[in-house]
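First up is the structure itself, then whatever we jot down about it.
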Amino acid sequence: MTRALVLGAGIGGLSAAARLAHAGYQVQVHERLPRPGGRSNLIERGGFRIDTGPSILLMRDIVEGTFADVGADPADYVSIRRLDPAYRVFFADGTRMDAKVDRAELRAELEHIEPGAGARFDDFAEIGDQLYRGAREHFVERNFRSMREMFGVSNLPQFVSLRVYEPMHKLVGRHFRDPRLRQLFTFNAMYIGMNPFTAPAIYALLPYNDTVEGVHFADGGMYGVVEGLVRLCEDLGVEIVCDHPATGVLQRDGRAAGLSFADGDLEADLTLVNADWPWAQQRLLDREPRHPLPGKRLRYGPSAMNFYWAVQGDVGNLEAHNIMFGDDYEGNFRDVFAGKVHERPSYYVHVPTLADPSLAPDGHHIVYVLVPHSNSDAPIDWAHERDRVREFVLHDLEAKGVTLRERIQFEEVIDPPRWAEQFSLARGATFGLSHSVSQVGYLRPHNKDPHLRDLYYVGSSTHPGAGVPMVMLSARLVTERIVDEHPPARRGAPARA
Ligand SMILES: Cc1cc2nc3c(=O)[nH]c(=O)nc-3n(C[C@H](O)[C@H](O)[C@H](O)COP(=O)(O)OP(=O)(O)OC[C@H]3O[C@@H](n4cnc5c(N)ncnc54)[C@H](O)[C@@H]3O)c2cc1C
C-alpha cells in the first residue's frame with residue numbers, strides 16, 4: 001500500500017487524512033499537541049468545554065461534504081444547525097440589531113437603521129450570490145498548477161465579474177449610506193484576516209454568506225466537528241499519534257522521504273504537511289518562507305487577543321454570536337494592520353452555551369472574546385496589553401448591561417505570542433498569510449513543494465486559504481493532486497460509522 005505521513009492534526013490535516021485513506025493510502029497522522037484540532041482546540045476544565053479558535057461555522061455544504069465524499073453519512077459524525085439570529089450587533093452609538101434568518105425580518109431590522117436599506121439589501125444579496133458562486137467555481141474549488149490556469153484567457157473575465165480590483169468598502173458603500181450598515185456588511189472581511197478598507201469587493205461574498213447561506217453551529221461546539229473528523233479518520237483506518245512533534249522533513253535524493261522525530265525517522269511514499277506553511281518552511285525545512293513569485297514579499301495576516309471566561313449565572317442580552325463595534329472603525333483596522341495597539345477596539349463575543357447548554361455546568365456560561373489584534377511581530381508589551389484589553393472589554397460589556405467581572409470562575413488568555421508558540425503559527429497570525437489579491441490562487445503557497453518531490457501541503461496559509469470550510473477544501477484539492485501524481489496501490493473502502 002502507498003504510505004502517506006501527515007504532519008499535523010488540524011482540521012486541514014484530519015480532512016486530508018480521511019480523504020487519503022478513503023482513496024486507498026495507508027495514512028498516519030503525527031500531531032505535536034496532546035490532542036487533535038490545531039487552532040480548533042479545547043480547554044476542558046470543571047465541566048466547561050471551551051473552543052479555543054473557530055466558532056462561526058459557514059459553508060455547511062463543504063463541512064458535510066468532507067464526510068459525504070468519503071462515503072459516510074455526515075449525520076453519523078456531526079450535528080449542524082443554523083442559528084437565528086446569525087449574530088447580534090451592538091453599534092458604538094448604543095443601537096443594536098439582529099441579523100435575522102427570515103428575509104422580511106432582516107429587512108425590517110435594516111430599515112430600522114436606514115430607511116430604504118431593506119430593499120437595497122436584496123440587490124446587495126444578489127451581487128453577493130454571484131460573487132459567492134463565481135468565486136467558488138473559478139478561484140476557490142480548483143487547483144492552480146500553473147500561472148496560465150489562473151491568468152489564462154478563460155479565467156481573466158472572472159477577475160472583472162468577480163470585482164477583484166474594486167475595494168469591498170466601496171461596493172458596500174454604494175448600497176448602504178448609514179455607517180452602521182457599512183460596518184455590518186464589511187466587518188466579515190476579518191473572518192479571513194482582511195482589512196475591509198483594502199480588501200477587494202469579491203470578499204463581499206462573506207456578508208452574503210452570513211446572512212443568506214447562514215451561520216451554523218455544531219453540537220459540542222467547533223470541537224464537535226474536530227471529534228467527528230477524528231472518528232471518521234479512525235473508521236477509515238487512519239492512525240493518529242498525538243504528543244509526537246516532528247523535528248523535520250526527511251530529505252533524500254531530491255525528495256521528501258518521510259518525517260524525523262526525536263525518537264527516530266519514519267519513511268513514507270509521500271509526506272503531507274499541515275503545520276502552518278511559513279512556520280513549516282522555517283522550522284521543519286530550514287528555509288526562508290518565500291512568495292511563489294520571485295522577489296515578492298510575503299504578507300502576514302493579523303492575530304487575535306482571546307479571552308475565555310467560565311461564568312456563573314446569566315449573560316444578559318448577549319446572543320450566541322455578538323459583534324461589538326468600536327467608535328473608530330476605520331482607525332481600528334488601520335492600527336491592527338500597522339502593528340499598533342488600538343485603544344477602543346471592536347471585538348467579538350461568543351456564548352456557545354446559548355446554543356448548546358451542555359458545554360458548561362447548569363447555571364453557567366462560556367464567554368469567548370476575540371479582539372482582532374496586530375500580530376506577534378509588533379513591538380508591543382504583551383503582558384501590559386493583555387491586562388489593558390481585558391479591562392477595556394469587561395468595562396465595555398458592563399456599559400452594555402453585561403456584568404461579568406465578579407462571576408468569572410476561571411479564565412484563559414491566548415495573546416498573539418501564545419498563538420505563535422503554542423499553536424505553531426508564524427507571527428501568531430491566526431488566519432495565516434494575508435488573503436490580499438497578490439496572495440490568492442496560484443499566488444498563494446502551493447499545495448505541492450516546488451523543490452522536493454513527494455512533499456505536499458494542506459491548510460490555512462496554502463490555497464484556497466483560512467477558515468474551517470476553506471481548509472477542508474484545501475484537503476480536497478491536495479488529495480486530488482496526490483491521487484493524480486501518486487495513484488494509490490488500491491482503492492479505499494467507504495467509512496463505517
Ligand atoms: C482565534 C481564531 C478564531 C477563528 N475563527 C474562525 C471562525 O469563526 N470560523 C472559521 O471558519 N475559521 C476560524 N478560524 C480559522 C480556522 O481556525 C483555521 O483556518 C483552521 O482551523 C486552520 O486549520 P489548519 O488545519 O490549516 O491548521 P492548524 O489548526 O494550525 O493545524 C496545524 C497542526 O499542525 C500541528 N503541528 C505544527 N507543527 C508540528 C510538528 N512539528 N509536528 C507535528 N505537528 C505539528 C499543529 O500543532 C496543529 O495541530 C479562527 C482561527 C483562530 C485562531
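Things worth noting here:
- Answer from ARG334, ARG344, ARG418, ARG388 - the residue that is modelled with pLDDT of 95 or more, within 20 Å of PRO278 (Cβ to Cβ) and not in a strand (DSSP E or B): ARG418
- Among the residues of the stretch 83-105, those identified as out of contact with any helix residue (DSSP H, G or I) (no Cβ under 8 Å at 6 or more places or on another chain), in a strand (DSSP E or B) and open to solvent by 20 Å² or more (accessible area, probe 1.4 Å) are ARG88, ARG96.
- For the stretch 299-331, a residue qualifies if it is part of a strand (DSSP E or B), open to solvent by 10 Å² or more (accessible area, probe 1.4 Å) and out of contact with any Ser or Thr (no Cβ under 8 Å at 6 or more places or on another chain), and exactly one does: GLN312.
- Test for GLU480: is it assigned by TED's automatic domain parsing to the domain that holds ALA280 and either more than 14 Å from the ligand (Cβ to nearest atom) or in contact with a Cys (Cβ under 6 Å, 6 or more places away or on another chain) (or both): yes
- Residue count for the stretch 18-35 under the criterion of being touching a strand residue (DSSP E or B) at 6+ places or on another chain (Cβ under 9 Å) and within 11 Å of the ligand (Cβ to nearest atom): the result is 5.
- Test: residue in the stretch 281-293 that is within 26 Å of SER40 (Cβ to Cβ), under 26 Å from the mean Cα position of the chain (by Cα), at pLDDT 95 or above and surrounded by 22 or more Cβ atoms within 10 Å (Cβ to Cβ): yes
- Count of the stretch 129-158 residues which are surrounded by fewer than 18 Cβ atoms within 10 Å (Cβ to Cβ) and of a type in the set (Ser, Thr, Tyr): 2
- Within the stretch 195-214, being closer than 27 Å to GLY8 by Cβ and open to solvent by less than 10 Å² (accessible area, probe 1.4 Å) holds for one residue alone: ASN209.
- Count of residues meeting criterion [touching an Asp or Glu at 6+ places or on another chain (Cβ under 9 Å), open to solvent by 10 Å² or more (accessible area, probe 1.4 Å) and part of a helix (DSSP H, G or I)] in the stretch 430-468: 1
- Criterion violated by ARG231 - all others in (1) away from the ligand (no atom under 16 Å from the Cβ); (2) out of contact with any Phe, Trp or Tyr (no Cβ under 9 Å at 6 or more places or on another chain); (3) within 30 Å of ALA72 (Cβ to Cβ); (4) modelled with pLDDT of 95 or more satisfied: (2)
- Among residues of the stretch 36-79, those that are within 9 Å of the ligand (Cβ to nearest atom), in a loop (DSSP other than H, G, I, E, B) and over 30 Å from ASP129 (Cα atoms), counted: 4
- Check on GLY401, surrounded by fewer than 19 Cβ atoms within 10 Å (Cβ to Cβ), in contact (Cβ under 8 Å) with a residue 12 or more places away in the chain, assigned to a loop (DSSP other than H, G, I, E, B) and not aliphatic (A, V, I, L, M): yes
The values are calculated or read from the model by the stated rules, or taken from the named source; none is laboratory data. The structure presented is a predicted model; accordingly, all values stated were derived computationally and were not measured. Please note: Cβ atoms are built from the backbone with ideal geometry, for glycine as well, and neighbour counts cover all protein chains shown. Please note that ligands, DNA and RNA were not included when accessible areas were found on the heavy atoms of the full protein model with its side chains. Shrake-Rupley method; radii C 1.70, N 1.55, O 1.52, S 1.80 Å.
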